[in-house]
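Student: Please find one structure pasted underneath; my questions will follow.
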Amino acid sequence: MIIVLKPHPTDQDVRTVEEDVRKLGYTPHTIRGVVRTVIAAVGDETSHQSLEVLESLPCVDRVIPIQRRYKLVSRQAQQDETTITVGGVTIGGGEFHVIAGPCAVEDYEQTIQTARSVAAAGATLFRGGAFKPRTSPYDFQGLGEQGLRILNQVKAETGLSVVSEVVREIDLGVMVGAVDIVQIGARNAMNYSLLEAVARCGKPVFLKRGMAATVEEWFLAAEYIVKNGNPAVILCERGIRTFETATRNTLDLSAVALAKQETNLPVFVDPSHASGRRDLVAPLSKAAIAAGADGLMVEVHVEPDLAHSDSAQQLSLEQFHELIVEIEPFVKTCGKRPGWAARTAGKE
Ligand code: PEP
Ligand code: MN
């Protein structure tokens, strides 16, 4: 940390700050200028009290971190992109993958029909919520463990790896037996004990950005998981709450470009929850690809109008097929390999 003193500090001011820095367990290194004096405090911030308390001293102007607060997920710590391999699919490292499926698992037929169709179109991973965190406690909350059993069956029949959201720590045990990637939803993106628990669960984590989280808070949530022993984290921008009401959320593509530059993690975009409107999914998907995304998560339903949740944003099976056809040239132009190309080539 760098402690910047207010202009023209007295010798006593400098001594006071230096002593406080020592008391907090750090070593001060003072650099005196004609007007400004700064004190670099060197030490381990994880095991000592934060130096930010010094901001309350009258002679201190600001306390500024030297290093980024997220370290392990940063490009400074690891220049090469993290790649995550799940069921033969490599996420990151130049491949572009689409995770598709319904908002919620409603029954076996709906789930298997969707899975077969999205796989034929090009989806390489399947999504479906078994535990649904809903804004209203009176809305459909998901099938729970029965939903996980359906996902397991669908995985066995299609070979698709499955992504599903964990809402409570006590469900993690049953979830790890059924899913390949554990999703942390926007509503739990700052539930630090849940983040620590998924870090220990042994599965890759698909981390949505909280709807009111700053980019730094999103990266720090990822850092929590990595620091607790799980480097397999996929970031997902899913739109944030802003003053705008024309769309469900506001897709923050700056955050996607920044996440690609600043972190070594794969970055996905969820255009379905970002917009809340199926007619915006294709244009937002193309924009996400242009911003550098490594993949998409898209909601698809056999009969969107009858969906138990998020009906307005789910694509029909035909619309999903069209989406894949439409985005392919964008993926290639942006220098990524479409994840579905290898599968199609293998089939021929
Ligand atoms: C979801 O993907 O099912 C979901 C609930 O998304 P979010 O957490 O982004 O709202
Ligand atoms: Mn949904």
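Student: Test of understanding: in a Gaussian network model of the chain with alpha carbons linked when under 10 Å, which of Arg209, Arg200, Arg127 would top the mean-square fluctuation ranking?
Tutor: Arg200
Student: Could you order peptides 288-301, 112-125, 306-319 by the average number of other Cβ atoms within 10 Å of their residues, highest first? Spell out each step's value before the answer.
Tutor: Numbers: 288-301: 24.9, 112-125: 22.0, 306-319: 18.4.
Ranking the peptides 288-301, 112-125, 306-319 by packing returns 288-301, 112-125, 306-319.
Student: Tell me, what is the FRET efficiency for Asp279 and Val42 to the nearest 0.05, using R0 = 45 angstrom and their Cβ-Cβ distance as r? Write out the running numbers ahead of the final one.
Tutor: Working: r = 55 Å, r/R0 = 1.22.
For Asp279 and Val42, the calculated efficiency is 0.25.
Student: Mind listing the phi-derived Karplus ³J(HN,Hα) values for the stretch 100-115, rounded to whole Hz, using 6.51, -1.76 and 1.60 with θ = phi - 60°, and x for any glycine or proline?
Tutor: 9, x, x, 4, 10, 6, 9, 7, 4, 4, 4, 6, 5, 4, 5, 4
Student: Using only alpha carbons, build the gyration tensor for the chain and give me the equivalent ellipsoid semi-axes, biggest first, whole Å.
Tutor: Numbers: eigenvalues 388, 84, 69 Å².
The equivalent ellipsoid of the chain has semi-axes of 44, 21, 19 Å.
Student: Using θ = phi - 60° and the Karplus curve 6.51 cos²θ - 1.76 cosθ + 1.60, what whole-Hz ³J(HN,Hα) does each residue of the stretch 216-228 get, with Gly and Pro shown as x?
Tutor: 5, 5, 5, 5, 5, 5, 5, 4, 4, 5, 5, 4, 8
Student: How large is log10 I(q)/I(0) at q = 0.13, 0.14, 0.16 Å⁻¹ when the Debye formula is applied to the Cα atoms of the stretch 39-161, each weighted equally and without solvent?
Tutor: Result of the Debye calculation: -0.74, -0.77, -0.84.
Student: Checking the cross-link filter: which aspartates and glutamates have an alpha carbon closer than 13 Å to that of Lys208, excluding same-chain neighbours under 8 positions apart?
Tutor: The reachable aspartates and glutamates, counting only those whose Cα sits under 13 Å from Lys208, are Glu165, Glu217, Glu237, Asp252, Asp270.
Student: Would you mind checking the tilt of helix 145-158 against the longest principal axis of the Cα atoms of the chain, expressed as 0 to 90 degrees and rounded to 10?
Tutor: 70
Student: A further question on this structure: Using the Karplus curve 6.51 cos²θ - 1.76 cosθ + 1.60 with θ = phi - 60°, work out ³J(HN,Hα) for each residue of the stretch 283-291 in order, rounded to whole Hz, and write x for Gly and Pro.
Tutor: x, 5, 5, 5, 5, 5, 4, 4, 6
Student: Where q = 0.23 Å⁻¹, what log10 of I(q)/I(0) comes from the Debye formula for the stretch 3-90, counting one point per Cα?
Tutor: Log10 of I(q)/I(0), two decimals: -1.11.
Student: For Gln183, enumerate residues with amide H under 5 Å from its amide H, sequence gap 5+ or separate chain, H modeled in the peptide plane.
Tutor: Result for Gln183 returns Ser164, Glu165, Val166, Phe206.
Student: With the cut-off at 21 Å, tell me which of the pairs Lys260/Lys336; Lys132/Lys260; Lys286/Lys336; Lys203/Lys286 have Cα atoms farther apart than that.
Tutor: Over 21 Å apart, Cα to Cα: Lys132/Lys260; Lys203/Lys286.
Student: Check Val300: other-chain or 5+ apart residues with amide H under 5 Å from its amide H, H built from backbone geometry?
Tutor: Gly101, Cys103, Leu315
Values quoted throughout were computed directly from the atomic coordinates according to the rules given, and no laboratory measurement underlies them. This structure is a prediction, so every number in the text was calculated from the model and none was measured. Counting neighbours? That spans all protein chains shown, and the Cβs are built from the backbone with ideal geometry, glycine included.
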